[in-house]
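One structure below.
The values are calculated or read from the model by the stated rules, or taken from the named source; none is laboratory data. Since the model is a prediction, treat every value here as computed from it, not as a measurement. Heads up, the Cβs are rebuilt from the backbone with ideal geometry, glycines too, and the neighbour counts pull from every protein chain shown. Side chains are part of the model used for accessible areas, which takes the heavy atoms of the whole protein and leaves out ligands, DNA and RNA. Shrake-Rupley method; radii C 1.70, N 1.55, O 1.52, S 1.80 Å.
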Amino acid sequence: MAVRGIDVYGILKTKIISLEFYPGQMIKESLLVEELHVSRTPVREAIILLANEMLVQVYPQRGTYVSKIDMEYVRQLVVMRHILETKLLLTLCKRKECLQERFAENMFSLSMAIQNNDIVEYLKADGEFHRRLFDCAGYPVIWDKLCRSHQTRYRMLDLSVFSDVMKDTLNEHRQILNCIEAGDCNQLQKILEAHLDPSIAREKELVKKFPDYFGPLDIRQTQASDLLD
């Protein structure tokens, strides 16, 4: 069965974010065309979208490669999210929003993912938790606009090595909800400092263990529009 163009983009993005397509890996259009049973056009359209998100890099005469993880770029994304999310959650905290029932299903999903040591489902449930918080604060568009794909790739790699970190998440999420309902802004700030990890604590160990996965984004890559020529 043929895959529609928009689905090709989703499939490729999922493979990149989940590290099934590892950082630095070459992406061959001909293999994707054969595997997905589509023409070159939807594959090329998907690559254009991924190039615009800097998840792939395109070089004339050399091909298309999955972008390596640029830690300076990830660091800036993490700090941006930390600042915005802390501000928005403190707003919820000052209002003493009651959120426990609204998050019960999500907390169960997160618990099951941790129990099954399923990193992909864990990240989905974790992302949904924070998306709902942004929504509760009245800023769903901000969450949608945050560039999380590069941070997610780093977290996938991080959790593949330090999987025990997932066990702390459920408790931290409970503490976040409890602090918001109690209006305890001081404690909430302390929890978020650890939970959102703006310092990216385990960076050195991961770079040492996977040196080929890390590197600066190449701003000299082909512009996505050039792929249409």
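Listed here are the residues, each with its yes/no results for (1) part of a helix (DSSP H, G or I); (2) modelled with pLDDT of 90 or more; (3) open to solvent by 40 Å² or more (accessible area, probe 1.4 Å); (4) closer than 20 Å to Asn106 by Cα.
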{"residue": "Lys124", "(1), (2), (3), (4)": "yes, yes, yes, yes"}
{"residue": "Arg132", "(1), (2), (3), (4)": "yes, yes, yes, yes"}
{"residue": "Trp143", "(1), (2), (3), (4)": "yes, yes, no, yes"}
{"residue": "His150", "(1), (2), (3), (4)": "yes, yes, no, no"}
{"residue": "Thr169", "(1), (2), (3), (4)": "yes, no, no, yes"}
{"residue": "His173", "(1), (2), (3), (4)": "yes, yes, no, yes"}
{"residue": "Gln187", "(1), (2), (3), (4)": "yes, yes, yes, no"}
{"residue": "Leu206", "(1), (2), (3), (4)": "yes, yes, no, no"}
{"residue": "Ile219", "(1), (2), (3), (4)": "no, no, yes, no"}
List the residue pairs whose Cβ atoms are under 7 Å apart, where the first residue sits in the stretch 1-26 and is more than 13 Å from Arg44 (Cα to Cα) and of a type in the set (Gly, Ala, Ser), the second is open to solvent by 30 Å² or more (accessible area, probe 1.4 Å) and modelled with pLDDT under 95, and the two are 6 or more positions apart or on different chains. Ala2/His37; Ser18/Val120
So, in the stretch 3-43, exactly how many residues are open to solvent by 60 Å² or more (accessible area, probe 1.4 Å) and either in contact with a Leu (Cβ under 6 Å, 6 or more places away or on another chain) or not in a helix (DSSP H, G or I) (or both)? 7
What are the pairs, 6+ residues apart or on separate chains, where a residue within the stretch 57-71 that is in contact (Cβ under 8 Å) with a residue 40 or more places away in the chain and assigned to a strand (DSSP E or B) has its Cβ under 6 Å from a residue that is β-branched (Val, Ile, Thr) and surrounded by fewer than 19 Cβ atoms within 10 Å (Cβ to Cβ)? Val58/Thr222
Say whether the condition of being assigned to a loop (DSSP other than H, G, I, E, B) and among the aromatic types (Phe, Trp, Tyr) is met by at least one residue in the stretch 73-84. no
Scan the stretch 56-68 and give yes if some residue there is surrounded by 18 or more Cβ atoms within 10 Å (Cβ to Cβ), modelled with pLDDT of 95 or more, under 17 Å from Thr152 (Cβ atoms) and aliphatic (A, V, I, L, M), otherwise no. yes
Give all pairs with beta carbons closer than 7 Å in which a residue from the stretch 122-151 that is under 19 Å from Ser18 (Cβ atoms) meets a residue that is among the hydroxyl-bearing types (Ser, Thr, Tyr); count only pairs at least 6 apart in sequence or on separate chains. Leu123/Thr152; Ala125/Ser109; Asp126/Thr169; His150/Tyr73
Could you tell me which numbered condition Ala137 fails, if it satisfies all but one of (1) in contact with a Ser or Thr (Cβ under 7 Å, 6 or more places away or on another chain); (2) surrounded by 19 or more Cβ atoms within 10 Å (Cβ to Cβ); (3) under 30 Å from Val66 (Cβ atoms); (4) of a type in the set (A, V, I, L, M, F, W, C)? (3)
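When you scan the stretch 61-89, how many residues do you find that are hydrophobic (A, V, I, L, M, F, W, C) and more than 23 Å from Cys147 (Cβ to Cβ)?
Residues of the stretch 61-89 that are hydrophobic (A, V, I, L, M, F, W, C), as a first pass: 66, 69, 71, 74, 77-80, 83-84, 88-89.
Subsequent filtering for residues that are more than 23 Å from Cys147 (Cβ to Cβ) retains none.
Counting residues in the stretch 61-89 that are hydrophobic (A, V, I, L, M, F, W, C) and more than 23 Å from Cys147 (Cβ to Cβ) gives 0.
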